[in-house]
Amino acid sequence: MLVIGLGVVVLVGLFELGREPERERGSGARKLEFLNKSQASKRPSDTPHINVWWDDIPAHLRTDAAQPVNKSSNIHPGDYAGPEACRECHRKNYDGWSHHPHRWMNALADGSTVVGDFSGTSIAYLGGKVTFFKEHGEYRMRLEREESRTYVVHQTIGSRFFQYYVGKQIDGPESTDPSTDPQRLDHVLPLGYWIEPGEWVPIVNVAQEESPDGQRMDPFEVKSYQSNFCQYADACDQCHTTSPLGDLLSGNANQLAREVPRSIEWAVSNYLEEERPQWLPPRHRSLPDDQAVGLLNSLDAIPASEHAVTLGISCESCHLGCREHARNPKIIPAFFPTSPHLHSGSADAPPDSGRTHDNVNWACGRCHSGDRPHFAAGMSTWNSTEYSDAMRGSCYSQLKCTDCHNPHQAIGHKWSSTPAQDDARCIQCHQHYASLESQAAHSHHPPDSEGSRCMNCHMPRINEGLQDVVRTHTIFSPTNADMIYANQPNACNQCHTDRSIDWTLGYLKQWYNTRFDEARLQNQYTNRTQSAALGWLQSENHAVRLVAADALFRTRTEWDTDTSIQTALINALNDPYLLNRQFARRGFEGMLGLQLRHYGYHFYMTPDEREKPMADLREALRTAIQETKSDDNE
């Protein structure tokens, strides 16, 4: 197992056992196989994969397939035309993309892209001071505590809810570790800008999983900073930019293989010799196996600025190289990769390169897939791996990502489709629920009520998405036993936050004849008569606590007389996880119209720093809850 940045490359076949790589039928060809890990456990015998061949693809594979070698390509650098080539004929899609978060996922830092306040503002953090300013025409941040260090911003990441920054250290203590040298390597800087409230905040979700107070990165301390160092080229820019797919197959096949719809054979040395000879050392064909593996892994760390089609995600990230189409519109772009160095399919099942269900979904799945911390039923606790989550649930044997998401149209800050439109998408396949009577019989709620909406029950809000808790892309049943047994959020109690788990189980049994093992329930629910949401808020799992607080904020009228819930929700502002405190602050301010900073509270404070503002807030928030309750009753 080889670790690349924050991801994991799994070398399957004989590399996994630490032996020589597989050689096919005496050909001398060496194979590295990157399995589609998210599907392997479900379909181990026929899981699509990517075989990366250090030498040529063995002749018998092409012969067995009875297919000629592809003479054309759509994944080489020269196959890409860039987004401006699309503008004249596809003006509507181009204009929509120009305002899409994909377009601005990554950009060079200048006056047209930077949204953070670099006017000299500063914040206190972890006993130090961070200042954001401009100097010599550059955007900079300076961190001062025992020592001072200054960073210059080179690139931006995102601009929808937050903007993070990529840059290098230009002043301060030097690193002794070249692999985490902030003066040599562009990396994700430790603070970002929260756009809606207009404030600087510590970055989150750059590591695989968040940590509690005392274990998060301390950007003022060298060892902590180096151990949490995130080199942007090595860990992020493969999905934040548009690179030729041939480059990604060579250096990042593990990511592409996660959701690949059909197996691919890739002759990596042949491609690199033709397109990227500068990436190869002399006599590369004779490299020992471990050095060949190391070379491919090192390609991940080549900055996108040196080989990408564009920074940010542009047209050909999904459509692949379209230069031939731009020259002759009658040549329709393929949605599946082709190259003389790539083979896929067989005589019995030749590849379909058109706009098929699998090909369209893989365009999204190439980036929106991966591993995140999971809830008990397998779905991710935080976003950006939506396609992997989708494949863990139902419906995606037929459903396409583009059935719900227009890839050329920005979603905006909030989901813009109406509940009726969302339901209609489900009913396209589930025609037996087309009538209002059948919907009521299935959901046991009045038609057009919140309880009758498909997504409220089958795609509940349990996924942390930047500044809001959003819907999971795992489509599953509210009777899911894994979530119930683990005392993790179920759809029923996300709306009925004042009701107990026994209340919910009673209706699940009455409506759907679903029964649960009493002994297993007893192990997880110490009080089965209290509010289930209150139990989640007291969970040891920080992701469960975050979802619980969100559900309670959205359903205040369900619980606003329950002082135990009020106390627990106020305590969320003192949660050991910074991210939970951030969401709790946003929830209280949205619910009550207060600004918690007026009480001296900032969610990124240390426990000691939070002690006094928390004491002031407890009474103030209880009073505000009661006042808004009285206003609602008038």
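Quick notes on this structure:
- Residue check, Thr555 closer than 17 Å to Thr628 by Cβ, in contact (Cβ under 8 Å) with a residue 40 or more places away in the chain, surrounded by 16 or more Cβ atoms within 10 Å (Cβ to Cβ) and touching a helix residue (DSSP H, G or I) at 6+ places or on another chain (Cβ under 8 Å): yes
- Of the strands (runs of 3 or more DSSP E) lying entirely inside region 182-300, those carrying at least 1 residues that are outside the structural domain of Leu342 (by TED's automatic domain parsing) are 191-194, 199-202.
- Residues in region 419-435 that are outside any loop (DSSP other than H, G, I, E, B) and not hydroxyl-bearing (Ser, Thr, Tyr): Pro419, Ala420, Gln421, Asp422, Asp423, Ala424, Arg425, Cys426, Ile427, Gln431, His432.
- Options Val166, Val130, Val153: the member that is in contact with a helix residue (DSSP H, G or I) (Cβ under 8 Å, 6 or more places away or on another chain), modelled with pLDDT of 95 or more and in a strand (DSSP E or B): Val166
- Qualifying residue in region 450-462 (condition: assigned to a helix (DSSP H, G or I) and small (Gly, Ala, Ser)): yes
- Checklist (1) modelled with pLDDT under 95; (2) loosely packed, with under 12 Cβ neighbours inside 10 Å; (3) touching a helix residue (DSSP H, G or I) at 6+ places or on another chain (Cβ under 9 Å) applied to His49, failing item: (2)
- Scan of region 169-186 for residues that are closer than 26 Å to Ala107 by Cβ and surrounded by fewer than 17 Cβ atoms within 10 Å (Cβ to Cβ), ordered by number: Ile170, Asp171, Gln183, Arg184
- So Pro337, is it of a type outside the set (Asp, Glu) and surrounded by 21 or more Cβ atoms within 10 Å (Cβ to Cβ): yes
- Per this entry, Ser416 is counted among residues that are polar (S, T, N, Q) and within 23 Å of the chain's Cα centre (by Cα).
- Among the residues making up region 187-201, those that are surrounded by 20 or more Cβ atoms within 10 Å (Cβ to Cβ) and in contact with a helix residue (DSSP H, G or I) (Cβ under 9 Å, 6 or more places away or on another chain) are His187, Val188, Pro190.
- All of Phe220, Phe229 fail the test of being touching a Ser or Thr at 6+ places or on another chain (Cβ under 7 Å) and closer than 18 Å to Gly167 by Cα, apart from Phe229.
- Residues of region 281-292 include none that is in contact (Cβ under 8 Å) with a residue 24 or more places away in the chain and either within 20 Å of Ala235 (Cα to Cα) or aromatic (Phe, Trp, Tyr) (or both).
- The residue list Ser438, Ser416, Ser388 contains one member that is assigned to a loop (DSSP other than H, G, I, E, B) and either outside the structural domain of Pro48 (by TED's automatic domain parsing) or of a type in the set (Val, Ile, Thr) (or both), which is Ser416.
- Thr504 meets all of the listed conditions (1) buried (at least 23 other Cβ atoms within 10 Å of the Cβ); (2) more than 24 Å from the chain's Cα centre (by Cα) but one, namely (1).
- Of all residues in region 445-458, those that are more than 13 Å from Pro478 (Cα to Cα) and of a type outside the set (Gly, Ala, Ser) total 5.
- Any chance His408 is outside any helix (DSSP H, G or I) and either over 18 Å from the mean Cα position of the chain (by Cα) or more than 30 Å from Glu196 (Cα to Cα) (or both): yes
- Candidates are the residues of region 73-95 that are under 18 Å from Asp247 (Cβ atoms) and of a type in the set (S, T, N, Q); the one that is surrounded by the most Cβ atoms within 10 Å (Cβ to Cβ) is Asn74.
- Restricting the first member to region 216-239 and to residues that are in contact (Cβ under 8 Å) with a residue 12 or more places away in the chain and of a type in the set (Ser, Thr, Tyr), and the second to residues that are surrounded by 20 or more Cβ atoms within 10 Å (Cβ to Cβ) and not in a loop (DSSP other than H, G, I, E, B), the beta-carbon pairs closer than 7 Å and six or more apart or on different chains are Tyr232/Val166; Tyr232/His187; Tyr232/Val188.
The values are calculated or read from the model by the stated rules, or taken from the named source; none is laboratory data. The structure displayed is predicted, hence computed values, not measured ones. Please note: Cβ atoms are built from the backbone with ideal geometry, for glycine as well, and neighbour counts cover all protein chains shown.
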